[in-house]
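Comments concern the structure below.
Where a number appears in this text, it was derived from the coordinates with a stated rule and is not lab data. Here the structure is a predicted model, which means the values were calculated and not measured. So basically every Cβ, Gly included, is an ideal-geometry build from the backbone, and we count neighbours across all protein chains shown.
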Amino acid sequence: MRRTHRCGELRPAHLGQQVTLMGWVRARRDHGRLIFLDLWDHQGVTQVVADPRASADAHGTMHAIRDEYVIAVQGVVRARPKGTQNPELATGEIEVAATAVEVLNATAPLPFPTDDADSVDEVLRMRYRYLDLRRASMQRNLRLRHKAVKALRDYLDGDDFVEVETPVLTRSTPEGARDYLVPSRIYPGSFYALPQSPQQMKQLLMVGGVDRYYQVARCFRDEDLRADRQPEFTQLDLEMSFVEQEDVLSLVESMMVHLVRTLAPDRRLTVPFPRLTHDEALDLYGTDKPDLRLGMPLVDCTALLGESEVRIFSDVVAADGRVKGFCAPGYGTASTADLEALQSLSRTLGAEGIIWLQVTSHGVASPVARHLTPEEQRGLVEALGAAPGDLLILVAGATDVIHGALDGLRRDVGRRLSLAAADLAFAWVVDFPLLKWDGEERRWNAEHHPFTHPQPDDLDRLTTDPGSVRASCYDLVCNGWELGSGSLRVHERALQEQILALLAFTPEEAEASFGHLLEAFDYGAPPHGGFAVGIDRLVAILAGTDTIRDVIAFPKTRQASDLTMRAPAPVTPAQLDEIHLRVVPRKA
RNA sequence: GGGGGCGUAGUGUAGGGGUUCAACAUGCCGGCCUGUCAAGCCGGAGAUCGCGGGUUCAAAUCCCGUCGCUCCCGCCA
């Protein structure tokens, strides 16, 4: 038997045709005489009927068949009797009357149902990922991912980009995340590293005159996992020569708009994407990846409360801290339990706690209300733009701490109030600082990476006031996710050496780690810049899921293990010998 | 590394010291049934409650430890 059609394909136009379908059995319905089953493949479902009068053999086989058996059905397409059509099925007007049924593979009862109805423990889903992938939502996600990548490739292909593959076995570089290392058999004691990103390679491609490069690149970082972080992940990595920041932003923005208009035309977009400076983002939302769907910007109330009788406020202000807060519209209905949950969340996030005020038509209700003057109460309501029925949430403390806490509180309140619509709230965050101070190690670190070009206006402060130098660096955020980031790169040897020196590399270390790049800059490196989009996150947002695991065929667990392949796993002593390694058990 | 959540028949859940505490749904096995489509009806099998220890006359239930999954912080240039 050979398959003639897919399971979602047959229509009344095929009536009378002899067809052969192959697929998985779903929902067998045995009426004794008539037996129905739904034959499923990735494309759809067709009802198959066995009638003992038509074929005793086919009927007998279908009696013995169970759910998820893989079968081939030969039969005739016929119209369903009046009143038995199923309008919920694309193939619902027809059915296939089986004349021959062949079991291609019998199936044991599945460890969990594939019908999407119940949520199943993720251990099982991961262990039997191939069964999980039979579920409609996972099928949708995988195909959405394929279409998204194709749309991005098509867009770049139409704009003179060329996809170039770069090595996965490459060199460990200092800074950044922990590398995944691969021992060398041929060079005892030496290691390849899996790339954290193709950053240096794509810069070398620019020196090589490629001009516009992209790659759907697998990247590896040996750090702890999150819902939006896997140790291996995929970036749409791109780089362009002879460009300014604006060129990169506008290319990426049109590419994303193209993608959304192609794949999700009903999702609302704000175009052009709003732009925030890094400072503005922190000031307004306490984070550099704000979810703009939520509204509720932060307001600084420090000046308003500096003289307050409320000790928490005055103490913090006296200690050079700040008081900031936001207004949760309509959340005056928060119960005591809700408020306690917010208190506890704020402490988890490192703050001392929150001060809440319920705004009513005759003032504010709050544990601290009687310690606030009428002017202070009015001032707060006005500054936070509150109306009766709203809840004000204030946090006092050091700026970093209250920003972290308010960011978390704002997102939590957003969830509680279901403020996140189906929009795709893209935004650019620009003007990142070039460097950040590492207080513990008492040295500067690159905010983005060491190859980021300082903004030209700030170049002269590189020696006098490094912390104030802004970078030509930009992030794309969407719905509270960091979707991608990029920068203009240093292409001048002297400047790169100066920056590496600021990052506490001795000339010898710089030469050892980045000599190949520095040397390349001597041989005609064009000005260049680029970007990288996190494909897993992008598809997760489009798919409407909370975790990138749902858009990765075989993801890893929180403990970085692959439950399907059971990796990582020990290897034989002979294998270790070959790569000159000995495993030393960790001392207890 | 730190904090939180979860773990009970194949699956999803209920039960929160004793006395229908091992239950419900679904799946599975068998039977009946000419039109179902999450088929229906009847019958049956299936869990020593993740694992180990402790408290107690008595533990699925309380305590400690451990393992696994998960969320957040740290970390992620």
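Dipole check for region A:1-141: with +1 at the C-beta of Lys and Arg, -1 at the C-beta of Asp and Glu, and the Cα centre as origin, the magnitude is about 320 Debye. Since only A:T399, A:S308, A:C327 are under comparison, the one whose Cα sits farthest along the positive direction of the charge dipole of region A:293-405, derived from C-beta charges on Lys, Arg, Asp and Glu, is A:C327. Please name whichever of A:G385, A:V368, A:A421 sits farthest to the positive end of the charge dipole of region A:290-426, dipole taken about the Cα centre and charges placed at Cβ: Lys and Arg +1, Asp and Glu -1. Looking along the dipole axis, the top candidate is A:A421. Residue ranges A:404-413, A:550-559 sort as A:404-413, A:550-559 when ordered by packing (mean number of other C-beta atoms within 10 Å per residue, highest first). Computed from the alpha carbon positions, the gyration tensor of chain A leads to an equivalent ellipsoid with semi-axes of 51, 37, 24 Å, biggest first.
One decimal place: the segment A:R140-A:A341 gains 68.8 nm when fully extended, by the rule 0.36 nm per residue minus the C-alpha distance. Computed over region A:433-508, the percent of Cα pairs more than 20 Å apart is 31.
Dipole size of chain A about its Cα centre, with +1 on Lys/Arg Cβ and -1 on Asp/Glu Cβ: approximately 3120 debye, rounded to the nearest 20. Extension gain for A:L495 to A:D300 (0.36 nm times residue separation, less C-alpha to C-alpha distance): 66.4 nm.
In this Cβ point-charge picture (+1 for Lys and Arg, -1 for Asp and Glu), region A:359-459 has a dipole of about 460 debye about its Cα centre.
Tell me the label-point distance for the pair A:A108, A:E519, using the 7 Å Cα-to-Cβ offset, in nm and rounded to one decimal. Roughly 5.7 nm, to one decimal.
In terms of overall dimensions, region A:174-224 has a Cα radius of gyration and Dmax of 13.5, 38 angstrom.
Given their separation in residues at 0.36 nm each and the Cα-Cα distance between them, A:R185 and A:V162 gain 4.9 nm when the chain is fully extended. Could you tell me the calculated FRET efficiency between A:Y130 and A:E309, based on Cβ-Cβ distance and R0 = 51 angstrom, to the nearest 0.05? Result of the calculation: an efficiency of 0.20. Remark: C-alpha extents of region A:417-464 on the principal axes read 47, 30, 17 Å, sorted largest to smallest.
Estimated from helical segments only, the mean residue ellipticity of chain A at 222 nm is -9000 deg cm²/dmol, where each DSSP H run of four or more residues counts as -39500 (n - 2.57).
Can you work out the FRET efficiency for the pair A:R226 and A:A512, with r the C-beta to C-beta distance and R0 = 35 Å, to the nearest 0.05? The pair A:R226/A:A512 has a calculated efficiency of 0.60.
Legend: translational diffusion of region A:79-126 by Stokes-Einstein, Rh = Kirkwood radius over C-alpha pairs, 25 °C, 0.890 mPa s; D = 167 µm²/s. Label positions at A:T545 and A:E9, each projected 7 Å from the Cα along the C-beta direction, are separated by 2.8 nm. Once Rg and the Kirkwood radius are both taken over the C-alpha atoms of region A:165-321, their ratio Rg/Rh works out to 1.11.
On the basis of the beta-carbon distance and an R0 of 60 Å, A:R378 and A:R461 show a calculated FRET efficiency of 0.90. 3J(HN,Hα) along region A:377-390, derived from phi through the Karplus expression 6.51 cos²θ - 1.76 cosθ + 1.60 where θ = phi - 60°, amounts to 4, 4, x, 5, 4, 6, 4, 8, x, 8, 10, x, x, 8 Hz, with x in place of Gly and Pro. Of all stretches in chain A that contain no chymotrypsin sites (Phe, Trp or Tyr not before Pro) in a DSSP loop with at most 15 other Cβ atoms within 10 Å, the longest one is A:243-522.
Building the convex hull from the alpha-carbon atoms of region A:495-588 and averaging its projection over directions returns 12.5 nm². A simple count of charges around A:G484, restricted to other residues whose Cβ falls under 12 Å of its Cβ and scoring Lys, Arg +1 and Asp, Glu -1, yields -3. For region A:355-435, what percent of Cα pairs sit more than 16 Å apart? Looking at region A:355-435, the distances longer than 16 Å represent 65 percent of pairs. What shape does region A:1-109 have by the C-alpha gyration tensor, where a ≥ b ≥ c are the square roots of the eigenvalues, rounded means a/c under 1.5, and otherwise prolate means a/b greater than b/c and oblate the rest? Since a/c stays below 1.5, the shape of region A:1-109 is classed as rounded.
Against chain A, whose longest principal axis comes from its Cα atoms, helix A:507-522 is set at around 70 degrees. Between 0 and 90 degrees, the angle of helix A:136-157 with respect to the longest Cα principal axis of chain A falls at about 60 degrees.
Spin-label model, A:Q85 to A:D400: label points 7 Å out along the Cα-to-beta-carbon direction sit 6.7 nm apart.
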